[in-house]
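Everything on this sheet refers to the single structure shown next.
The values are calculated or read from the model by the stated rules, or taken from the named source; none is laboratory data. Not measured: the values here are computed from a predicted model. A quick note on method: Cβ atoms are made from the backbone with ideal geometry, for glycine too, and the neighbour counts reach across all protein chains shown. Protein only, heavy atoms only, side chains kept; ligands, DNA and RNA dropped before computing areas. Shrake-Rupley method; radii C 1.70, N 1.55, O 1.52, S 1.80 Å.
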Amino acid sequence: MRGNVIIIGAGFGGLSCAIRLASQGVQVTILERQKHVGGKLQQIERDGYHFDRGPSTITMPSTFRSVFDHAGVAMEDYVQLYELEPRTRNIFADGTVVDLSGNRGWMKEQIAAYSPEDAARYDAFMDESAALYAEANRHFLGKLLLSPSDKYNLQMLRSLLRVRPTVKLDKLLRSYFQHPHTLAMFGRYATYVGSSPYQSPSIFAMMGHVEAEVGIYGVKGGTYQLIEGMTRLAREKGVQIITGTEVRQIVVRNGKVAGVDTDQGFREAEQVVANGDVLSVNRLLLAPEHRKEMSNARIRKYEPSISGFVTLAGVRRQYDALLHHTVFFPERYEPEFDHIFRDRKMPVDPTIYICYSGYSEAGMAPAGASNLFILVNAPYLSDSWNWEQQTERYGAFVLEQLAARGITGLNQSDVLIRYTPQDIERDTLAHQGSIYGISSNSVKQTFMRPGNRSKDVQGLWYVGGTTHPGGGTPIVTLSGQLVGEQLASEILR
């Protein structure tokens, strides 16, 4: 083994980076402050109910497969994915149901039931969605943008012009659709990167193709099994993973990484990869004199992404309305994002997402029972909303909203656990409790995110949702792969 790399954080980005490095003969140690690996994705088991607290919608399976392929092993020997069809059930306030499907004909039939005009434009939208995905893959997702020449060249300029960065997602959708149901169903894709469809660029329309035609997948045994499989592979490749150890400072000498100070003592390192929020890493782990390019004033200029308010409910009943993934939309979609980003308060009429993995796999809950992961979009932490005062009240409100939509009895659940943005910040040090790092509510924060290599400290790298190429589980995993490949080439050359 050559080199000496410390990775701070054992989330998807850190694990995938470690596997790529170790597979090429680099010595790697991961330090994780939580008791268990996984970052924002943790496994909760209580009274026979199994929950994944964190990412639950798995897309872009090739991104995860590449982690195993580049390590020279078969993914199926570590974790099994299964395709979901229908992908997601969308239930609107007037009772309309649209089950997202890879079958374009069926999609058009469902949409035509409430809007023949939207149905007639569905094929054209999906063709543009596929083209946007192909463009993003070619020029943004699959490469690091480390130098000015990587970012500012004729090819990149042409690509940016093709994806029309100044066109908002909602505006693009309105060029195809007119009915509020269709606009909300596809506008929701902005929330996959913690953003608003009324502010984020139209590039995120690519998620229509990603979900319907590339597919949404479940993970046998729960989404956490992806983490378990990657952890097992990392250890087989020689990665040392140490949990329950908190890094207190990244030590810099003469402008270069020297190691990290932890609550267990100093650890020397030639390179450090931070798998965490870039803003938190700089604010908490680097002395101000070592981060001129990421000063506190600069950090304050970034808009954090949305957070989430989670309820885990284990209830002794089942619901015909629910699939593996189900979304309940409000009567009007746009006010939710005004509440979150303008007022920084919880939505008055929220969109409610439920993951019910027991729908697809027996044993995730006792017989005749349901294991429900319930998520409502939440603002990043600010003085405008006090979770210590509001958690119980808003938690009860969410259950009332679901009861009104036919998901009754949750207030009598065997298991009822709530998890707030405050808890996310406490456990993962996510900046202001954001889930996806910074939002993508502007061209700059979408296409010019903080770089993967520190401008201030030689030998310091970043992977995760705040840095390139962006937020979301597969994209974060990809960031780890890209940094691991680049770093290995530099160490081993």
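Looking at segment 393-414, which of its residues are part of a helix (DSSP H, G or I) and either in contact (Cβ under 8 Å) with a residue 24 or more places away in the chain or surrounded by 18 or more Cβ atoms within 10 Å (Cβ to Cβ) (or both)?
The initial filter retains those residues of segment 393-414 that are part of a helix (DSSP H, G or I), namely 393-404, 410-412.
Within segment 393-414, 394, 395, 398, 399, 401, 402, 410, 412 meet the criteria.
Out of 283, 317, I need the residue that is open to solvent by 10 Å² or more (accessible area, probe 1.4 Å), more than 23 Å from the chain's Cα centre (by Cα) and in contact (Cβ under 8 Å) with a residue 24 or more places away in the chain. Which one? Steps first, please.
On the way: 283 fails: more than 23 Å from the chain's Cα centre (by Cα).
Among 283, 317, only 317 is open to solvent by 10 Å² or more (accessible area, probe 1.4 Å), more than 23 Å from the chain's Cα centre (by Cα) and in contact (Cβ under 8 Å) with a residue 24 or more places away in the chain.
Can you name the residue in segment 110-163 that is modelled with pLDDT of 80 or more and in a loop (DSSP other than H, G, I, E, B) and, of all such residues, is least open to solvent (accessible area, probe 1.4 Å)?
By that ranking, first place goes to 115.
Counting just the residues of segment 177-218 that are within 22 Å of residue 437 (Cα to Cα) and of a type in the set (S, T, N, Q), which one comes out surrounded by the most Cβ atoms within 10 Å (Cβ to Cβ)?
195
Could you grab me the full set of residues in segment 36-51 that are closer than 16 Å to residue 12 by Cα and open to solvent by 20 Å² or more (accessible area, probe 1.4 Å)? Full working, then the answer.
First pass over segment 36-51, keeping only residues closer than 16 Å to residue 12 by Cα: 36-43.
Selection gives 36, 40, 43.
Looking at segment 454-473, which of its residues are crowded, with 21+ Cβ neighbours inside 10 Å and not in a loop (DSSP other than H, G, I, E, B)?
Matches in segment 454-473: 460, 461, 462, 463, 473.
So that you can scan it fast, the table gives a plain yes or no per residue for (1) open to solvent by less than 10 Å² (accessible area, probe 1.4 Å); (2) over 19 Å from residue 436 (Cβ atoms); (3) in contact with a strand residue (DSSP E or B) (Cβ under 6 Å, 6 or more places away or on another chain); (4) at pLDDT 95 or above:
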| site | (1), (2), (3), (4) |
| --- | --- |
| 313 | yes, yes, yes, yes |
| 325 | yes, no, yes, yes |
| 344 | no, no, no, yes |
| 355 | no, no, yes, yes |
| 364 | no, yes, yes, yes |
| 377 | no, no, no, yes |
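Examine segment 253-266 for a residue that is open to solvent by 20 Å² or more (accessible area, probe 1.4 Å), over 23 Å from residue 2 (Cα atoms) and under 23 Å from the mean Cα position of the chain (by Cα), and state whether such a residue exists.
Checked segment 253-266: no residue is open to solvent by 20 Å² or more (accessible area, probe 1.4 Å), over 23 Å from residue 2 (Cα atoms) and under 23 Å from the mean Cα position of the chain (by Cα).
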